[in-house]
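No lab work stands behind these numbers, since they all come straight from the coordinates. What you see is a predicted model, and the numbers here were worked out from it, not measured in a lab. Please note: Cβ atoms are built from the backbone with ideal geometry, for glycine as well, and neighbour counts cover all protein chains shown.
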Amino acid sequence: MSLRHRFGSILIAGLCAFASMAASAHAILVASSPKLNGTVAAGHVQMVFKYNSKIDQHRSRMLLIGPDKSETVLTIATDSKSNEIDTSADLAPGSYTLRWQALALDGHITRGDLPFTVVAKQ
């Protein structure tokens with residue numbers, strides 16, 4: 001094998017390795033409470049979002065959109081597990097959306113919306 005072919009093979013292998021590392025660097029939501037399109041009881045609601053990697057909780061964001069389309073920035077607990085965003089809010093019955101933004105420690109940002117419903121306590 002010539003030097004040119006070896007260099008080309010090494011370059012391609014390096015690019016493939018870099019691409020696979022970059023793809024796995026994003027903080028992907030793997031579990032949440034409340035669940036996507038789930039239902040929770042009215043009152044003080046704990047919200048926990050778990051990701052597949054460590055995240056920067058200080059620079060991640062959680063926005064609660066209420067039934068009347070009002071927006072509230074929620075405070076993220078800084079003593080959560082390194083792969084979680086934890087917060088809470090007092091919620092009345094209605095349809096809500098949590099708009100989240102997670103910053104992985106390597107600097108990649110992922111975003112999403114999680115709609116859920118709050119029902120009256122029985």
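The figures follow:
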{"item": "Hydrodynamic radius by Kirkwood, which averages 1/r over all alpha carbon pairs of region 27-119, in angstrom", "result": "13.1"}
{"item": "Point-charge dipole on Cβ atoms (K/R +1, D/E -1) for region 27-119, about Cα centre, debye to 20", "result": "200"}
{"item": "29 Å Cα-Cα reach of residue 121 towards lysines, excluding residues that sit fewer than 8 places from it in its own chain", "result": "35, 50, 69"}
{"item": "Whichever aspartates and glutamates have a C-alpha closer than 18 Å to that of residue 81, once near sequence neighbours (fewer than 8 apart) are set aside", "result": "56, 106"}
{"item": "Förster radius 22 Å - calculated FRET efficiency between residue 65 and residue 35, Cβ distance, rounded to 0.05", "result": "0.80"}
{"item": "Two-site label geometry, residue 97 and residue 26: point separation in nm, points 7 Å out along Cα→Cβ", "result": "1.9"}
{"item": "Cβ-based charge dipole, region 27-119, positive-most Cα from 43, 105, 67", "result": "105"}
